[in-house]
């Protein structure tokens, strides 16, 4: 039996994701036509399945031809490149832009400094939709790196931005590597404040517990980073999608007294609550 279950602060849906989900749900209420999101709104199958049940479906670049004039396409929080936005608008559908404001700020900085002749460096995952979208604002010329290993032979003037869910340590590592070789370096810490707060609280919680549970999809970038951070402090850290994946030994081992829980930005409240309810059922009365 557990003595304590600790939910880390700032766990779960971030502002940008919640805004995109709410925007899609509101659009569905106001329209009898098809509602699509351009790409999955979040990297979480539970949420995508729930949206599908509500009649909100995913559309990608390859199947835009099925979208009609009366339909609606919601741009997800990750944002898109300007070239792709034009292609989406050309479908004739109503376009609702739910790009996270923190991501829009990255787009503005990338375009501004690219137009001023700076080479753009993005710290992040080159395959992540947010990074792909940001790269489009400098005509797909950005150098994309996670650790600074790809930053040799850069231009004299460099502008550095980061994926909103990137680890601060990675941004600092890249900045240090570039500063050594370039004459002029402009750095924008574009890591979302909610991301930093979520990572900090997860780290603090993982130092206090016997077992740490990170709730979310393994395809989610920010949730994966939470797992990596927690694992450094708590060897018994588990990455679970929902309450069904809580390891049974945790519930039975009498040595486990404190269990910590955190969740990624794409993990909805109802999934977190299911996990907590199952853990609470095992607390000493």
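Structural remarks
- Condition check for residue 247: under 25 Å from residue 43 (Cβ atoms), more than 18 Å from the chain's Cα centre (by Cα) and not assigned by the TED database to the domain that holds residue 44: yes
- Residue among 170, 233, 189 that alone is closer than 23 Å to residue 147 by Cβ and at pLDDT below 95: 170
- Residue check, residue 194 in contact with a strand residue (DSSP E or B) (Cβ under 6 Å, 6 or more places away or on another chain), buried (at least 18 other Cβ atoms within 10 Å of the Cβ) and either closer than 30 Å to residue 158 by Cα or touching a residue at least 40 places away in the same chain (Cβ under 8 Å) (or both): no
- So residue 214, is it free of Cβ contacts under 8 Å to residues at least 40 places away in the same chain, at negative phi and touching a helix residue (DSSP H, G or I) at 6+ places or on another chain (Cβ under 6 Å): no
- Some residue of segment 36-43 being over 25 Å from residue 192 (Cα atoms) and loosely packed, with under 12 Cβ neighbours inside 10 Å: no
- Scanning segment 98-115 for residues that are more than 17 Å from residue 162 (Cβ to Cβ) and within 17 Å of the chain's Cα centre (by Cα) returns a single hit, 98.
- Selected residue (criterion: surrounded by the most Cβ atoms within 10 Å (Cβ to Cβ)) from residues of segment 225-256 that are closer than 17 Å to residue 4 by Cβ and in contact (Cβ under 8 Å) with a residue 40 or more places away in the chain: 256
- Screening segment 58-88 for residues that are within 20 Å of the chain's Cα centre (by Cα) and without any contact (Cβ under 8 Å) to a residue 24 or more places away in the chain and picking the one that is surrounded by the most Cβ atoms within 10 Å (Cβ to Cβ) gives 59.
- Single residue of 155, 162 found to be buried (at least 20 other Cβ atoms within 10 Å of the Cβ) and not assigned by the TED database to the domain that holds residue 43: 162
The values are calculated or read from the model by the stated rules, or taken from the named source; none is laboratory data. Remember, it's a predicted structure, so these values are computed and weren't measured experimentally. Cβ atoms come from the backbone with ideal geometry, glycine included; neighbour counts cover every protein chain shown.
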